[in-house]
Amino acid sequence: MAIVGCQLTSAVEYSNPSDAEQNLAVLEVVHIGMTRQQAVDALTNEGVKGSSGVSESVYYCEAWDGKDDRHWLLNVALFFDQSGRLYKVGSSQPDFESVTETSPSDAN
């Protein structure tokens, strides 16, 4: 006799801390001046999932499933210079609040 059923898995609940808190947490793992590979390896070891941009100059951190039960959705980008060294950690989304709004009539 075989018993067939469904295995229930618990859904992970992700939190979304402020961009500043996310940046600080990422900077506890990576350091300015690290190579791209060192930074990605360090983040991966801590449970951060991410992906590269269209070029090797940006790496987008998307989620953090840490060993400390941290489950965060991330909005963090790592920026690398031409030599492949980390020079900046910041938001992966553009800051639309700092963009000046211009109407079509202002363009003339």
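The values are calculated or read from the model by the stated rules, or taken from the named source; none is laboratory data. Source: prediction; values computed, not measured. Cβ placement follows ideal geometry from the backbone for every residue including glycine, while neighbour counts extend to all protein chains displayed.
Only residues that are touching a residue at least 40 places away in the same chain (Cβ under 8 Å) and closer than 13 Å to residue 64 by Cα: list them for the stretch 26-38, please.
Answer for the stretch 26-38, where residues must be touching a residue at least 40 places away in the same chain (Cβ under 8 Å) and closer than 13 Å to residue 64 by Cα: just 26.
Please determine whether any residue of the stretch 48-56 is over 14 Å from the mean Cα position of the chain (by Cα), modelled with pLDDT under 95 and surrounded by 11 or more Cβ atoms within 10 Å (Cβ to Cβ).
Of the residues in the stretch 48-56, the ones over 14 Å from the mean Cα position of the chain (by Cα) are 54-56.
Restricting the remaining residues to those that are modelled with pLDDT under 95 gives 54-56.
Cutting the leftovers down to surrounded by 11 or more Cβ atoms within 10 Å (Cβ to Cβ) gives us 56.
Within the stretch 48-56, one or more residues are over 14 Å from the mean Cα position of the chain (by Cα), modelled with pLDDT under 95 and surrounded by 11 or more Cβ atoms within 10 Å (Cβ to Cβ).
State whether one or more residues within the stretch 22-39 are closer than 20 Å to residue 93 by Cα and modelled with pLDDT under 95.
no
Look at residue 51 and say whether it is without any contact (Cβ under 8 Å) to a residue 12 or more places away in the chain, part of a loop (DSSP other than H, G, I, E, B) and farther than 15 Å from residue 23 by Cα. Full working, then the answer.
Details: without any contact (Cβ under 8 Å) to a residue 12 or more places away in the chain: yes; part of a loop (DSSP other than H, G, I, E, B): no; farther than 15 Å from residue 23 by Cα: yes.
No: the conditions fail for residue 51.
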